[in-house]
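The numbers here are math on the coordinates, done by the rules we state, and not lab data. Every value quoted in this text rests on a predicted model; they were computed, and no experiment measured them. Methodologically, a virtual Cβ is constructed for each residue, glycine included, from the backbone with ideal geometry; neighbour enumeration extends over all protein chains shown.
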Amino acid sequence: MRSPGRLWIGACCATLALVSACATNLATDAASPTAPVDNMRPVSAAMLQDPLPGDWLQWGRTYDGENFSPLKSINRENVNTLAPAWSTPVQAGLAMPTPLVHDGVMFLLTSPDTLMAVDAANGSVLWKHAYTPQGVSSTMKMGVGLSGGRVFVPTSDLHVQALDAKTGTLVWDHEIAIYPPAVKGTTLGLRSAPESQTRLEEMSLEEVEAFLIRKAMARCGNVSNAARALGLSRSALYRRLERYRL
């Protein structure tokens, strides 16, 4: 699930119910229906590099940020039959969440500064961690991170908190130092971001274009569809394929 812009949390419960379908297989096979956190495994570097089909462990799901799920149960033939499976009430407010799913548990950062762990199979809240910010406020909190047995959470007053993934208990709290210091009215944003973003920033424009063309060809399967996705004519794409020897 990728947030194209600011999202009012109070209106997204039904969407989360559909996102939970991405974890249905894993929730059934790997987690207890009464307490899925009991069987939740620590998130390793290998899991982040190559997540299981039913997991969504980071923004974009994988380090290349493709936002693609390999699960097959929802497809073009049955997508029109999807209906809300469950809903969980949250407080309305401005946020841009990317729900993460691991071993059948969904982690969702909601407004105001509340992280929820939810059973992705039925929507029941497993635990909730609420934080009261102090000082400078950021309204742009776009996601959480998973590593080991912890969930890493940004806060509105520019802290990062580590919580126990199974219980929601605070492990540590670290204030982010910024310079010059922020003042009231400053717009600040905290987000988790894919590793590929850093790599792209280090590339030349030609390297970035070649990277995007490779991705488009891999996803679209042929020149016509890739050209359409890239906003190019077929002849222009052919010239670039030859130029970059792709």
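Here each label is just a point 7 Å from Cα along the line to Cβ, and for residue 77 and residue 243 those points are 4.2 nm apart. Per the Debye formula on identical point scatterers at the alpha carbon atoms of the range 203-243, with no solvent, log10 I(q)/I(0) at q = 0.15, 0.32, 0.34 Å⁻¹ is -0.29, -1.16, -1.24. Exposure proxy for 223, 153: other Cβ atoms within 10 Å of each Cβ, ordered fewest to most, give 223, 153. With a Förster radius of 25 Å applied to the C-beta separation of residue 234 and residue 67, the computed FRET efficiency comes to 0.45.
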